[in-house]
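Q: Can you keep this structure in mind? I'll have questions shortly.
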Amino acid sequence: MPRPIHLGVNVDHVATIRQARGTPYPDPVEAALQAEAAGADGITMHLREDRRHVQDADLARMAAGARTKLNLEMAATDEMRDIALRLRPADACIVPERRAELTTEGGLDVLRHRARLADLTAALTAAGIRVSLFIDPDPAQIDASADVGAPVVELHTGRYAGLAGMRGAMGAGSPAADSGGGFAADSAADSAGDSGADSAGDSAPESAGDSAADSVGDSMGDSTGESATDSSCDSASNSAGNSAGDSAGDSMVDSAAESAEFQREWSALTAAVSHAAAAGLIVNAGHGLHYANTARIAALPDIHELNIGHAIVARALTVGFPCAVGEMKRLMVEARGGRHN
Ligand code: PXP
């Protein structure tokens, strides 16, 4: 029996679309409930200090309404610690939001912020929250994470994803099929920005987010009964599923991914997964994963959970949230050698 692999769906980018206009829609909580119904094992929300996408009201509704588990991505600040202690998500993933907290690639610098992270980990752990540290695939950062008492690490896959390219990112025949080359540099820059070094100036006013959350609350859950295994998903599911199946092998990697740089990154990532597992840590991973580069990571037996947001939200624009989540879960389970029904 292969070890199970879990999919955490990050719904931040649903809120990003809402905040771009200050409308009451789309609702990240509704998307999350659909994701859960379609096979997600958990929901991730990042409440940023600048409230760029997810708002406090979204998080409160999600904490109350999650049917699986909520993973709160948060900066290592007193404000976020207090919110976490109040809402008690099952998991909290500490992420960098300021340049000074970053290493070169975009994960937390646990070595440098050891004392603060140890205090935060202790406070959250005492409240029953399982703490994960989002770090680069670097043995020194892994050892430091174990030292500060974190039971989980989430390995930053942004560099791997950037080097692997974009062919088949949205499933077989997707328009991103051949854009591998230029993406690596963009993604490297983005990997730091998204997990947070840059501060967005364009977030909608807080009041817009609040009223959005309130007004959609009533209708929340209307469409959550849909399942990714509905026949309406079949063709989409097959197209992504096929490309996912391929992606565990060679055809996922375009020429950029065959580079020595890619091979080095892949070796570093697989070594980091083994190192963290040997240190007794639960090993999660995420950032920049899509329908063609995920299977390769999901196939690693020590990976416990993959947290995926942008690609699923993007795919959902074409096939809907339940199908987009179902496709991703299926390719992960199949890469692990299991069967998904
Ligand atoms: N894990 C962490 C810690 C993140 O910060 C993010 C991005 O918000 C993700 C996973 C998901 O990344 P993506 O949206 O590229 O799938």
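Every read-out reported here was derived from the displayed coordinates using simple, explicitly stated rules and does not represent laboratory data. All of these numbers come straight from a predicted model, not from anything done at the bench. Note: ideal-geometry Cβ built from the backbone for every residue, glycine included; neighbour counts use all protein chains shown.
Q: Would you mind pulling out the separation of the Cα centroids of segment 149-173 and segment 80-122, in Å?
A: Between the Cα centres of segment 149-173 and segment 80-122 lies a distance of 21 Å.
Q: Please identify the GluC sites (Glu not before Pro) of segment 39-102 that satisfy two criteria: DSSP loop assignment and at most 14 other Cβ atoms within 10 Å. Which are they? Each step should come with its number before you reach the end.
A: Values: sites: Glu49, Glu73, Glu79, Glu97, Glu101; in loops: Glu49, Glu97.
Sparse-neighbourhood loop GluC sites (Glu not before Pro): Glu49.
Q: Ok, one more. What list of ³J(HN,Hα) couplings, whole Hz, do you get for segment 82-98 from phi and the Karplus terms 6.51, -1.76, 1.60, once you set θ to phi - 60° and write x for glycine and proline?
A: Once rounded to whole Hz, the list reads 5, 5, 4, 5, 6, 8, 6, x, 4, 10, 10, 10, 7, 10, x, 10, 10.
Q: Quick one: dipole size for segment 70-152, taken about the Cα centre, charges +1 on Lys/Arg Cβ and -1 on Asp/Glu Cβ, in debye to the nearest 20.
A: Dipole magnitude for segment 70-152 comes out near 260 debye.
Q: From the phi angles alone, apply the Karplus equation (6.51, -1.76, 1.60; θ = phi - 60°) to segment 301-315 and give each ³J(HN,Hα) in whole Hz, x where the residue is Gly or Pro.
A: Once θ is set to phi - 60°, the couplings for segment 301-315 become x, 7, 6, 8, 8, 10, 9, 9, x, 4, 5, 5, 5, 5, 5 Hz.
Q: When every alpha-carbon pair in segment 33-143 is counted, what percent end up more than 20 Å apart? Spell out each step's value before the answer.
A: On the way: 2456 of 6105 pairs.
The calculated P(r) of segment 33-143 puts 40 percent of pairs beyond 20 Å.
Q: May I pose another question? Would you mind calculating the gained length between Asp56 and Ala140 on full extension (0.36 nm times residue separation, minus the Cα-Cα distance), in nm to one decimal?
A: Working: separation 84, 0.36 × 84 = 30.24 nm, distance 3.43 nm.
Result: 26.8 nm gained on full extension.
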